[in-house]
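What follows is a single structure, written as C-alpha cells, with notes after it.
Nothing in this text is a laboratory measurement; each read-out follows from the coordinates by a stated rule. From a predicted model like this one, the values you see are computed outputs, not experimental measurements. Neighbour counts run over all protein chains shown; Cβ positions are idealised from the backbone, glycine included.
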Amino acid sequence: MNKKPSYGGMAVIEGVMMRGPQETALAVRKPDGGIHIEKEPNKDLGKRYPFLKWPLIRGSYVLIESMVIGVKMLNKSANLSIEEEEEELSNKEIIITTLIAVVMAMLLFVALPTGIVHFAKQFLGGVVSQNIVEGIIRIGFFLLYVYAIANMKEIERVFMYHGAEHKTILAYEAGEELTVANVRKYGTLHPRCGTSFMLIVMIISILVFALLGEGTLFYRVWSRIAVFPIVAGLGYEFIKFSGKCYQNQWAKYLIAPGLWLQKLTTRGPDDAQLEVAIAALQQVLTKEKPEAATA
C-alpha cells in the first residue's frame, strides 16, 4: 500500500508555515482580515549531497534546516502581520541569527548542566549517576524554558496557530477533506512535533553522554557538543519511527511524554486560525497531489 508524503510545519506570527516534499508555503492573517499566501520551492541540499539524508546524519541536517527556515518565516510573518514594508533579513543575517540561537541553546542545555554536575561530582557517585543527574537538570531547564514561554501572553496566539497546524495535518493524514468543520474535530497534539523531538533528544543524551566518561570540565562540555549530531540523529529516527507507528498501542507509551509536553506549546485555535492553516497546507498539496500515490 502506497503512503502519502509527509507534511510538517510551524506556527509563526499570525500564521502558519507548511512544508511538503517539494514546496514550502506561508499563510498569514493580515490586519484587514485577508490571508496573505506565498510559497517557494524547497532548496533541498539533500539532493545535491545525498549523505545528508543518511540515517543518523539527517537528524542534524533537518534540525539546522528547520531553524534557518524558522527564522526566515518568523521575520517574514512579523512584517506581514502588521503590514510594514520592513527589509527582510538577508541570508547572512538569518545564518548569524541561527548560529546565535544554537550557541545560546548549547550554553543553557549543555554547558550549564554539565558544569553544575562537574563541580558537584564528589556528591554524586560514578559516571552513570552523574549523567542521570545531569540529564534531569537538562530536562528541568528545558521544561522551565517551555513553561516560561507558554505563559507569555504575546506567545499565546502563536501557540493557537501551532494547534491549528497540528489539527490540519492530522485531518489530512486521516484522509479528511480540508474544511474548517472537518479539521476542528481533531486534537492539537501530533507525534512528529518539534517539541517532542527536543524532549526525546534530551532523554537520549543521558544514555549517549554516559559513554563519554569523566574528565575535565572542558572535555565534558566539548565532548557533549561533539556527539550532539549523533544524539540529534537518534532522536530524529525515533520521532520518524514513532510517527509511523503512533496508532499502535505500544507506541503510544513511547510518545506519551512528548505529547504531554505539547499541551504547554499548543492551544485550541479558533476557526479563523484554522482557515489560515488549511490555506497553507493546500498550497503545498496543490502540486504534490498527483504524486501522493507513488511518494
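Annotations for the structure displayed:
- Cross-link reach is defined here as a Cα-Cα straight distance under 25 Å, omitting same-chain residues fewer than 8 places apart; for Lys252 the lysines meeting it are Lys3, Lys4, Lys167, Lys185, Lys240, Lys244, Lys263.
- In sequence order, calculated HN-Hα J values of the stretch 8-16 (Karplus, 6.51, -1.76, 1.60; Hz; x Gly/Pro): x, x, 7, 7, 10, 5, 6, x, 9
- Sum of -39500 (n - 2.57) over DSSP H runs of 4+, divided by residues of the chain (222 nm, nearest 500): -20000 deg cm²/dmol
- Couplings for the stretch 56-67, taken from phi via the Karplus curve 6.51 cos²θ - 1.76 cosθ + 1.60 with θ = phi - 60°, read 6, 8, 5, x, 5, 4, 5, 5, 5, 4, 5, 5 Hz in order; Gly and Pro are left as x.
- Derived scalar couplings ³J(HN,Hα) [the stretch 18-32; Karplus, 6.51 cos²θ - 1.76 cosθ + 1.60; whole Hz; x for Gly, Pro]: 10, 10, x, x, 10, 9, 10, 10, 10, 10, 10, 7, 8, x, 7
- Residues with amide H under 5 Å from that of Thr24, placed H, sequence gap 5 or more: Glu40, Asn42
- Using the average count of surrounding beta-carbon atoms within 10 Å as a protection proxy, the listed peptides 152-159, 206-213 rank, highest first, as 206-213, 152-159.
- Averaging the sequence gap over all C-alpha pairs within less than 8 Å and six or more residues apart, then dividing by the number of residues, gives the chain a relative contact order of 30 percent.
- For the stretch 1-137, projected area of the alpha-carbon convex hull averaged over all directions, nm²: 12.9
- Extent along the principal axes, Cα only, for the chain: 61, 48, 40 Å, with the longest axis given first.
- Interchain or long-range residues, amide H under 5 Å from Val12's placed H: Met17
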